[in-house]
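The values are calculated or read from the model by the stated rules, or taken from the named source; none is laboratory data. Predicted, not measured: the structure shown is a model, and the values here were computed from it. Reconstructed Cβ throughout: ideal geometry from the backbone, glycine too, with neighbour counts over all protein chains shown. Side chains are part of the model used for accessible areas, which takes the heavy atoms of the whole protein and leaves out ligands, DNA and RNA. Shrake-Rupley method; radii C 1.70, N 1.55, O 1.52, S 1.80 Å.
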Amino acid sequence: MPKLQEYQGKKLLRNYGIPVPDGDVASTAKKAREIATKLQKAVVIKAQVGLTGRLQAGGIKFADDADEAETAAAELIGKEIKGLKVEKVLVEERLLVKEEFYASVVVNDSWRVKGPVLMFSTKGGTGIEKITAQFPGKVTRMN
């Protein structure tokens, strides 16, 4: 089963009527500028690579306007993050977040599970591996 990048997952959520921040994916800095111009607000530029910890690895940048969005996208596109090349960025509106949660479906291919595992945490944000280690009671898994 292929991994979904963030923009692909958000497209699926949007298709099912689940609210997600406004935005779009760009493969060039110029396209990132166009998206930010259309949004007309502060944005987040997120490297689209299949891994966690993008913020700490420098794969997420913040921009107050289209000029900054273009610069941030130019810095990310083509860069390697943890050995993965950034070919696309998600440009989306920056939200004021009161509380974060974490939810994912991962494929566990161990001989015991061999299937999808739903993970949810009330201690959201980035670095689910660290959250799991520090706050095991805050992470629920269902096989």
Among the residues of region 49-64, write down those that are open to solvent by 70 Å² or more (accessible area, probe 1.4 Å) and more than 18 Å from TYR7 (Cα to Cα).
GLN56, ASP64
Taking LYS41 as the residue in question, decide whether it is modelled with pLDDT of 95 or more and surrounded by 15 or more Cβ atoms within 10 Å (Cβ to Cβ).
no
Give all pairs with beta carbons closer than 9 Å in which a residue from region 64-86 that is under 12 Å from ALA26 (Cα atoms) meets a residue that is of a type in the set (Ser, Thr, Tyr); count only pairs at least 6 apart in sequence or on separate chains.
ALA69/THR37; ALA73/THR28; ALA74/THR28; ILE77/SER27; ILE77/THR28
Exactly one condition in (1) among the polar types (S, T, N, Q); (2) under 21 Å from GLN8 (Cα atoms); (3) modelled with pLDDT of 90 or more is false for ASN108; which is it?
(3)
Could you count how many residues in region 14-28 are open to solvent by 70 Å² or more (accessible area, probe 1.4 Å) and without any contact (Cβ under 8 Å) to a residue 12 or more places away in the chain?
5
Can you pull out the residues in region 96-133 that are open to solvent by 100 Å² or more (accessible area, probe 1.4 Å), outside any strand (DSSP E or B) and not charged (D, E, K, R)?
LEU96, PHE101, TRP111
Any idea which of (1) modelled with pLDDT of 95 or more; (2) within 24 Å of ILE131 (Cα to Cα) is the one GLU99 doesn't satisfy?
(1)
Output yes when any residue across region 118-125 is modelled with pLDDT of 85 or more, within 21 Å of the chain's Cα centre (by Cα) and of a type in the set (Gly, Ala, Ser), and no when none is.
yes
Yes or no: LYS11 closer than 19 Å to GLU87 by Cβ, open to solvent by 30 Å² or more (accessible area, probe 1.4 Å) and in contact with a helix residue (DSSP H, G or I) (Cβ under 7 Å, 6 or more places away or on another chain)?
no
